[in-house]
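For reference, the structure discussed in these notes is given below.
Every number here is computed from the coordinates shown, using simple stated rules; none is lab data. Please read these numbers as outputs of a predicted model, since none were measured by experiment. Backbone-built Cβ (ideal geometry, glycine too); neighbour counts: all protein chains shown.
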Amino acid sequence: MTRITPFILMLLVAGCSSSTPVDETGETAAQAVTTPDASPTPTEPARPIPALLPDVVAYVNGEAITGADLENGITELEARAGQPVPADRRNDVVRDVLNQLIGYQLLLQETRERRTSVPEADVDARVAALRSQFPSEEAFAETLQLRQMTLEMLRTETRQSLQVDVLLESEIGTVPPVTTEQITEFYEQNPGDF
């Protein structure tokens, strides 16, 4: 799996498919996500995340999410926040990033299942937009090198991101927005929830 830049898609994972897919073993996609070690039961507290992550931290329908993928996600999060993850929040943050990576992997798998495609012109345009954010071609190339990426890897990630965008738009793009009246009606019918 490649480094995942967009972490904005996780709330939409459950709504990606009009039905819950079941594989040949009878497992749904959510059941098919496993970790190398058995997950704790709801009654026992979650184990602390080890300082050194294992090579594989989770499998999603047989596809590995590596410790390196998880570290890259945490590094990107820290870069956006401008500070390292506080030690007392590390376990929660690592689990959140892992959940985001799992969700994104499920979305990528769904795009493959549906054979979602995007025009190369769209990929070219998105890569060009990214390039234009740098003062020079050298600065762009240096950033790719620092991130241990090639231009082809960036194009692959960009293509995948656009495919997920198309998938999500096909699923939620037709959902009408919630009106103020619907909000008010829901609020009045469920006062105990507020």
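Structure notes:
- Each residue of the range 177-190 is assigned a 3J(HN,Hα), and the resulting list reads x, 6, 8, 4, 5, 5, 5, 4, 4, 5, 4, 5, 7, 9 Hz, derived from the Karplus form 6.51 cos²θ - 1.76 cosθ + 1.60 (θ = phi - 60°), x at Gly and Pro.
- Each Lys and Arg contributes +1 and each Asp and Glu -1, all at the Cβ; summed about the Cα centre of the range 42-194, the dipole is approximately 360 debye.
- Residues with amide H under 5 Å from that of Ala58, placed H, sequence gap 5 or more: Ile65
- In the range 44-183, taking the dipole from charged Cβ atoms about the Cα centre, the farthest positive-side position among Phe134, Thr66, Leu77 is held by Thr66.
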